[in-house]
Amino acid sequence: MTGTDAPAALTVQGRTLYAALTAALLAMLLGALDGMIVGTAMPQIVGELGGFDLLSWVVTVYLLAIAATTPVWGKLSDMYGRKNTFMISIVVFVLGSVLSGMARDMTQLIAFRLLQGLGAGGLMVGALALLGTLIPPREQGKYQGIMSAVMGLAMVSGPLAGGVITDQLGWRWCFYVNVPVGALALLLISGLRLPRTARSGARVDYPGVLLLALAVSALVLVTTWGGKEYAWTSPVLLSVAACGVLAFLVLLRVERRAAEPVLPLALFRTANFSLITLVGLLLGAVLTSAVTFLPIFGQSSQGSSATGSGLALLPMFAAMVLVGLFAGRFITATGKYKVVVLLGGCFLTAGSFLIASADRGTGSFFSGACMAALGVGMGLLTQTTVLVSLQSAPVEDLGAASGVATLARTLGGSIGVAVSGALFARAVASVPAPGGGTPTAEGAGTLDRDALEQLPSAVRESYQHAVAQGASHVFVFTGALAAVALAAAFFLREEPLRSAAAPRDDESAPGAGPAGAAADPRDSAEDTSIGTGRTGSAESEQGRRNSP
């Protein structure tokens with residue numbers, strides 16, 4: 001059953017739908033803003049708490065917790081219901097935020113950031129799973145522009161908001177500000193009666209959770225430490241990588257036998273799901289690399305101010321938001337999504353290679369046009385990849401599907417920045433940094449317009465040229481990744497989008513009608529077969545879940 005035979009109706013409408021949508025968007029905003037806001041406050045945090053040698057762990061432990069728990073939250077929402085798990089993740093995140101704001105030393109801050117990251121891992125997944133349950137894929141396009149706008153707003157306003165909060169209220173309020181936003185999200189979602197998703201008798205796949213956390217944590221640590229804390233060939237880094245590979249191989253074996261696998265391998269039997277997951281991973285690498293290295297290029301090569309380099313990103317984010325809105329309406333009106341993914345891949349590839357051709361003398365108009373092209377690609381792909389992921393998964397596995405989609409983009413960003421940073425650092429390694437030594441990817445970002453003007457003319461020009469070369473290498477790399485994403489998109493199959501959503505919590509379960517009456521057969525069919533093409537027994541469903 002494809003869902004196209006059913007009428008295009010939402011499970012909830014009116015105020016209820018908008019309350020759920022607002023709660024989901026607030027959660028997405030919390031998750032997206034936090035890292036950017038806190039990053040701006042780092043100098044003040046170190047100045048008050050000390051522990052400069054532990055500073056990197058404030059960020060690393062947060063990213064580790066998010067990456068390791070993202071698929072776990074998704075699976076829990078499939079097993080125990082979207083509403084409960086979503087609310088728990090918000091509570092954990094807010095609690096971690098409050099405790100982080102109350103930290104008295106760097107060790108406490110790192111511990112509380114770990115707790116905050118555990119909750120943050122469920123924010124994006126919970127929001128996507130909630131919207132995927134309430135709004136069938138055929139109707140989700142209407143809301144893509146709003147979701148893209150929220151993500152664009154977070155990227156643009158995050159550093160600015162962090163600076164204002166830190167300067168006016170102090171760094172602790174970078175954490176406390178999450179409390180009213182989280183409370184509003186909880187208030188909105190607490191009164192909702194959501195579609196039935198909980199499974200009776202479900203058990204947590206503890207071995208799978210542990211192995212997945214080990215594998216993901218190893219990957220994040222390798223990409224975070226590589227070339228910075230440790231050399232890429234150091235015994236420490238190689239040992240961590242080996243542990244990650246081993247954990248992943250054992251995970252594959254364990255998940256084939258698990259009753260409720262935290263990572264359902266059956267999802268990847270669907271070609272569309274595997275392909276769009278690859279596209280999402282590559283998109284995460286391109287997006288994160290662009291946001292990281294475009295400001296460095298602007299400040300360290302073209303001599304822009306920090307504000308000017310931030311404003312230079314506006315064409316990219318504006319294009320991302322506007323095109324995302326158009327793409328969503330197009331998908332809703334036509335039911336076609338493959339052409340959107342293909343166009344997104346084309347613009348992502350073209351934008352990356354165009355930016356790679358820029359140098360220290362490139363004009364602002366050409367730079368803006370290149371960034372706009374990149375933003376068009378991001379706008380076409382950002383939410384469409386999520387939509388296709390949810391469309392390609394059975395309704396009962398929407399949480400796991402949203403977890404995989406979010407994890408793929410997170411890991412893509414981590415890997416992309418690691419490789420991009422290595423390429424960038426190699427390009428600038430031959431130019432001495434101010435005060436001696438060799439600049440790194442991060443160090444290059446400290447050479448703003450004032451610092452550049454203090455350098456001797458010959459050194460300044462040589463350094464700016466090296467930074468431009470480094471940025472060019474980065475965007476040649478991201479262009480190659482975008483080309484691979486485009487190639488993967490060609491193999492997508494245009495499946496009809498589901499136009500019916502899941503049954504409501506307050507509806508009778510199959511076979512349990514009031515006063516002993518038989519359940520409505522439509523409820524049973526919708527609950528077991530929508531988007532899967534099956535109405536089989538529990539035994540056949542169990543066999544499907546365990547198959548690779």
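The values are calculated or read from the model by the stated rules, or taken from the named source; none is laboratory data. Just so we're clear, the structure is a prediction, and the values are computed from it rather than from any experiment. Cβ sites come from the backbone with ideal geometry, for glycine too, and all protein chains shown count toward neighbours.
Scan the range 17-27 and tell me whether some residue there is under 14 Å from the mean Cα position of the chain (by Cα), part of a helix (DSSP H, G or I) and not charged (D, E, K, R). Yes, the range 17-27 has at least one match. Checked across the range 68-79, the condition of being in a helix (DSSP H, G or I), closer than 21 Å to residue 177 by Cα and assigned by TED's automatic domain parsing to the domain that holds residue 16 holds for no residue.
Would you check if there is a residue in the range 238-260 being over 21 Å from residue 424 (Cα atoms) and in contact with a Phe, Trp or Tyr (Cβ under 7 Å, 6 or more places away or on another chain)? No, the range 238-260 contains no residue that is over 21 Å from residue 424 (Cα atoms) and in contact with a Phe, Trp or Tyr (Cβ under 7 Å, 6 or more places away or on another chain).
Being closer than 13 Å to residue 382 by Cα and small (Gly, Ala, Ser) is the filter here, so list the residues in the range 312-348 that pass it. Residues satisfying the conditions are 319, 324, 327, 328, 344, 345.
When the range 328-350 is filtered for residues that are of a type in the set (Gly, Ala, Ser), at negative phi and over 21 Å from the mean Cα position of the chain (by Cα), the ones remaining, listed by number, are 333, 350. The set of residues from the range 69-82 being crowded, with 23+ Cβ neighbours inside 10 Å and of a type outside the set (Phe, Trp, Tyr) comprises 69, 70, 71, 72, 74, 75, 76, 77, 78, 82. The residues of the range 228-272 that are within 18 Å of residue 64 (Cβ to Cβ) and surrounded by 18 or more Cβ atoms within 10 Å (Cβ to Cβ), listed by number, are 237, 240, 244, 247, 251, 262, 263. Residues in the range 456-496 that are modelled with pLDDT under 75 and either under 30 Å from residue 193 (Cα atoms) or of a type outside the set (Gly, Ala, Ser) (or both): 456, 459, 460, 461, 463, 464. Looking across the range 101-123 at every residue that is assigned to a helix (DSSP H, G or I) and out of contact with any Gly (no Cβ under 9 Å at 6 or more places or on another chain), the one that is surrounded by the most Cβ atoms within 10 Å (Cβ to Cβ) is identified as 101.
For the range 161-192, which positions are within 22 Å of the chain's Cα centre (by Cα) and under 19 Å from residue 48 (Cβ atoms)? Matches in the range 161-192: 162, 174, 175, 177. So, in the range 45-67, exactly how many residues are at pLDDT below 80 and among the small types (Gly, Ala, Ser)? Matching residues across the range 45-67 total 4.
Every residue, every condition in (1) small (Gly, Ala, Ser); (2) in a loop (DSSP other than H, G, I, E, B), yes or no:
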site	(1), (2)
207	no, no
214	no, no
224	no, no
228	no, yes
240	no, no
243	no, no
246	no, no
289	yes, no
295	no, no
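Of the residues making up the range 160-204, those that are modelled with pLDDT of 80 or more, of a type outside the set (A, V, I, L, M), in a loop (DSSP other than H, G, I, E, B) and at negative phi are 171, 172.
To keep it simple, each residue is scored yes or no on (1) surrounded by fewer than 24 Cβ atoms within 10 Å (Cβ to Cβ); (2) in a helix (DSSP H, G or I).
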| position | (1), (2) |
| --- | --- |
| 323 | no, yes |
| 331 | no, yes |
| 341 | no, yes |
| 353 | yes, yes |
| 393 | no, no |
| 396 | yes, yes |
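Listed conditions (1) touching a residue at least 12 places away in the same chain (Cβ under 8 Å); (2) of a type in the set (Phe, Trp, Tyr); (3) under 22 Å from residue 84 (Cβ atoms) are all met by residue 206, apart from (1).
Could we say that residue 98 is buried (at least 22 other Cβ atoms within 10 Å of the Cβ) and either modelled with pLDDT under 85 or not polar (S, T, N, Q) (or both) here? In short, no.
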